[in-house]
Amino acid sequence: METVILAVVIAVVVLVALGGLVVGSRRRKPLPPPPPKTPDITAPPAEPHVGDEAETPRDEPRRTIEEVDLPGPAPVVVEEPPAVEAPGIEIPEPTAGRLVRLRARLSRSQNALGKGLLTLLSREHLDDETWEEIEDTLLTADVGVQPTQELVEGLRERVKVLGTRTPEELRGLLREELLKLVGTDVDRTVRTEPEDRKPGIVMVVGVNGTGKTTTTGKLARVLVADGRTVVLGAADTFRAAAADQLQTWGERVGAHTVRGPEAGDPASVAFDAVKEGKEMGVDVVLIDTAGRLHTKTGLMDELGKVKRVVEKHAPLDEVLLVLDATTGQNGLVQARVFAEVVDITGIVLTKLDGTAKGGIVVAVQRELGVPVKLVGLGEGADDLAPFEPEAFVDALIGD
């Protein structure tokens, strides 16, 4: 019996020991991580809808619309355009003795004629061959055939009588003969002061490229320098910018410019210019005309029309033909054509400082039977000078 009890006790002890081992091994194993907790999500604040208050309204006194100061209309700010300064009025250089002051410029380009003649005349023996050289020199300078023959015959006769010839005597002889050809007893005044009325009317004609519009502007300066008031008529409506160019010249000396639409009727512009000149009481109206190729019959007819329309106001006092001194005999052809359409009363020679062919002065006077009244001697605003025969011949032969 005791043996059975002992066996039971031992079995119980063994079972208890095995149970303890199993429990110990389970405690040593790591436990799996607990599942993550679901985060608490806080709902965003609801946005206010139209009409909702952003915060709890507070009790404030209410005002009626009459008590509320409404903003008035915004003041209108008018920006004034920047002031444009009027161009200053220039005071032109006095015209008296202007050609004398420009003599040095003229002589630099012109005295080749005078020096060439003096060199030939200074030879010890003046045979026929020398006189032929003298003729060639004069013809090359565009003096013309008939004037050249007259000058050579006069010189031959006087040199033959004189015998011995000093340089001073030769220069004196040549000066006298040239003055005879140029003419010293001709009235070269630009007629701008009619006795019975105002204003004087001057029409300027010529081929484009001769400096016609520029000459008209410079002539305005000449007249202003002499104390006259001037209105300019921009009747050259066929050349682009001709009216602008003339108006610029006028503004520089305070002269009013009458102009019309581009490609408009030149006669209408000329008529209005004279009309405004009379209303303003100015001394002179200068009319710049179109100058396309002189061979165009339409242009010649247009010039005739301008002349007739202007003379409805008053007769023209002066018709000035502008010629380029460098064109030589071509200039004479132009002169003939213009003289057939309008009665040329005076000649303006431009670019006389750029050529040694000063003899064109003699040739054109002989061709038209009218005097050279003005000469252009450069690009400067005051380089248009009244023609003075003595100063011109002195520049030709040099000192």
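Below are the figures for this structure:
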| item | result |
| --- | --- |
| Some residue of region 162-179 being part of a loop (DSSP other than H, G, I, E, B), at pLDDT 90 or above, open to solvent by less than 60 Å² (accessible area, probe 1.4 Å) and closer than 22 Å to Phe387 by Cβ | no |
| Of the criteria (1) within 13 Å of Gly114 (Cα to Cα); (2) out of contact with any Gly (no Cβ under 9 Å at 6 or more places or on another chain); (3) at pLDDT 90 or above, which one Glu150 fails | (1) |
| Spans of helices (runs of 4 or more DSSP H) in region 200-297 with at least 1 residues β-branched (Val, Ile, Thr) and over 28 Å from Arg336 (Cα atoms) | 212-225, 242-253 |
| Unique residue being within 21 Å of Leu232 (Cα to Cα), open to solvent by 20 Å² or more (accessible area, probe 1.4 Å) and modelled with pLDDT of 80 or more when the list is Leu349, Leu316, Leu286, Leu321 | Leu316 |
| Complete set of residues in region 225-258 that are among the charged types (D, E, K, R) and crowded, with 22+ Cβ neighbours inside 10 Å | Asp236 |
| Only one of Val341, Val375 that is open to solvent by 40 Å² or more (accessible area, probe 1.4 Å), of a type outside the set (Lys, Arg), under 27 Å from Ala241 (Cα atoms) and modelled with pLDDT of 80 or more | Val341 |
| Residues of region 237-253 that turn out to be within 20 Å of Asp383 (Cβ to Cβ) and not charged (D, E, K, R), as a count | 6 |
| Search result, residues across region 172-197 that are in contact (Cβ under 8 Å) with a residue 60 or more places away in the chain, touching a Gly at 6+ places or on another chain (Cβ under 8 Å) and of a type outside the set (A, V, I, L, M) | Arg188, Arg191, Thr192, Glu193, Pro194 |
| Region 142-161, subset among the β-branched types (Val, Ile, Thr) and open to solvent by 60 Å² or more (accessible area, probe 1.4 Å), residue farthest from the chain's Cα centre (by Cα) | Val161 |
| Residues (within 16 Å of Leu219 (Cα to Cα) and among the β-branched types (Val, Ile, Thr)) located in region 369-392 | Val372, Val375 |
| Every pair of residues 6+ apart whose Cβ atoms lie under 6 Å, when the first sits in region 198-225 and is under 27 Å from Gly298 (Cα atoms) while the second is surrounded by fewer than 23 Cβ atoms within 10 Å (Cβ to Cβ) and of a type in the set (Asp, Glu) | Ile201/Asp317; Val202/Glu318 |
| Matching strands (runs of 3 or more DSSP E) fully within region 298-378 where at least 3 residues are more than 30 Å from Glu279 (Cα to Cα) and either in contact with a strand residue (DSSP E or B) (Cβ under 8 Å, 6 or more places away or on another chain) or not hydroxyl-bearing (Ser, Thr, Tyr) (or both) | 372-376 |
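Conditions (1) within 18 Å of the chain's Cα centre (by Cα); (2) charged (D, E, K, R), marked per residue:
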| site | (1), (2) |
| --- | --- |
| Thr237 | yes, no |
| Ala240 | yes, no |
| His256 | yes, no |
| Pro266 | no, no |
| Asp272 | no, yes |
| Glu276 | no, yes |
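The values are calculated or read from the model by the stated rules, or taken from the named source; none is laboratory data. Note that the structure is predicted; figures quoted are calculated from it, not measured. We place every Cβ from the backbone using ideal geometry, glycine too, and count neighbours over all the protein chains shown. We work out accessible area using only protein heavy atoms, side chains counted, and drop any ligands, DNA or RNA first. Shrake-Rupley method; radii C 1.70, N 1.55, O 1.52, S 1.80 Å.
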